[in-house]
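The values are calculated or read from the model by the stated rules, or taken from the named source; none is laboratory data. Keep in mind the model is a prediction, meaning the values are calculated, not measured. Here the Cβ positions follow ideal geometry from the backbone for every residue, glycine too, while neighbour counts run over all protein chains shown. Ligands, DNA and RNA are excluded from the accessible area calculation, which covers all protein heavy atoms including side chains. Shrake-Rupley method; radii C 1.70, N 1.55, O 1.52, S 1.80 Å.
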Amino acid sequence: MTAAATSIGPTTAERVRTACARAQQAVLAVDGSDTVTVAVHHLRNCGDVVLAVPSDVAVTALAWQAGRGGLPAVLELTDSAPLALRERVRSLVWLRGSLHAVPGEATRALAAAVAADNPDPALLDVGHTTTLLRLVLDSAVVADSHGAEPVPLDDLLSAVPDPFWAVEDCWLEHLESGHGDLVHQLAQRLPASMRGGRVRPLGLDRYGVRLRVESPTGDNDVRLSFAEPVDDAAGLNRALRILVGCPFLNGLRARH
């Protein structure tokens, strides 16, 4: 799969921060243990990721044994498109650092702090079948169709997720199922050599829309930028209408 049409888009730090917010698949890897599927992952501005893992996995005991120095570990996050694309993975993020156990007396307060920003129902299992761990970050790398790129931790921690990350799946599904005409109009903005493939919505953010072109020779990802970044649903509707060259087109309304 390749990328095409370089244009204005989010910074690497913004891309990683958004992927951290919306990635539904997270796997923790440490030496001496099988990989563990993480129930909850939450990146905090202080530079750690709070993880909820099953209490009975080996990594929990290893984190306690490591003591204050922590246990070297890598968290892999997979950002997948909500549509049934030929290749659904949009990006992979690797967060490397030291894994630390959370003392029992601090668990309740930490779970409550995470729930204030990320009210994931899986946090209700903490202290029962689930244990909290902290991954103190040393480095972050993202890989997508553009290649792999590291991001400085200071940049990552100062970045914020895209304002549309929580509703992006709904918008993309609605574009695919209810606005094929709009996708067709967006496809007319692509290079002529790419219009013979099947064009699918791939991503939507404050800077523009991304399309996946599936063709017999492979897949290509293309970004079409808005005239300027947008911050709310009204601005997004307007930017999409302008992008297809029809400012009076009916606005896109996502079904909830």
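Summary of values
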item: Qualifying residue in the stretch 230-240 (condition: at pLDDT 90 or above, under 16 Å from ALA84 (Cα atoms), open to solvent by less than 40 Å² (accessible area, probe 1.4 Å) and not basic (Lys, Arg)); result: no
item: Selection status of ARG90, surrounded by fewer than 19 Cβ atoms within 10 Å (Cβ to Cβ), of a type in the set (Lys, Arg) and either out of contact with any Pro (no Cβ under 7 Å at 6 or more places or on another chain) or modelled with pLDDT of 95 or more (or both); result: no
item: The stretch 241-256, subset open to solvent by 40 Å² or more (accessible area, probe 1.4 Å) and under 28 Å from VAL89 (Cβ atoms), residue modelled with the lowest pLDDT; result: HIS256
item: Tabulated pairs, the stretch 18-39, first free of Cβ contacts under 8 Å to residues at least 40 places away in the same chain and of a type in the set (Ser, Thr, Tyr), second surrounded by 20 or more Cβ atoms within 10 Å (Cβ to Cβ) and assigned to a strand (DSSP E or B), C-beta under 7 angstrom, 6+ apart or interchain; result: THR35/LEU28
item: Single condition ALA148 does not satisfy, out of (1) closer than 22 Å to ALA21 by Cα; (2) of a type in the set (Gly, Ala, Ser); (3) in a helix (DSSP H, G or I); result: (3)
item: Residue that is free of Cβ contacts under 8 Å to residues at least 12 places away in the same chain and touching a strand residue (DSSP E or B) at 6+ places or on another chain (Cβ under 6 Å), where the choices are ARG96, ARG88; result: ARG88
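Here is a yes/no grid of residues against (1) open to solvent by 40 Å² or more (accessible area, probe 1.4 Å); (2) modelled with pLDDT of 95 or more; (3) not in a helix (DSSP H, G or I):
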{"site": "VAL49", "(1), (2), (3)": "no, yes, yes"}
{"site": "VAL59", "(1), (2), (3)": "no, no, no"}
{"site": "ALA66", "(1), (2), (3)": "no, no, no"}
{"site": "GLU76", "(1), (2), (3)": "yes, yes, yes"}
{"site": "HIS128", "(1), (2), (3)": "yes, no, yes"}
{"site": "VAL141", "(1), (2), (3)": "yes, yes, yes"}
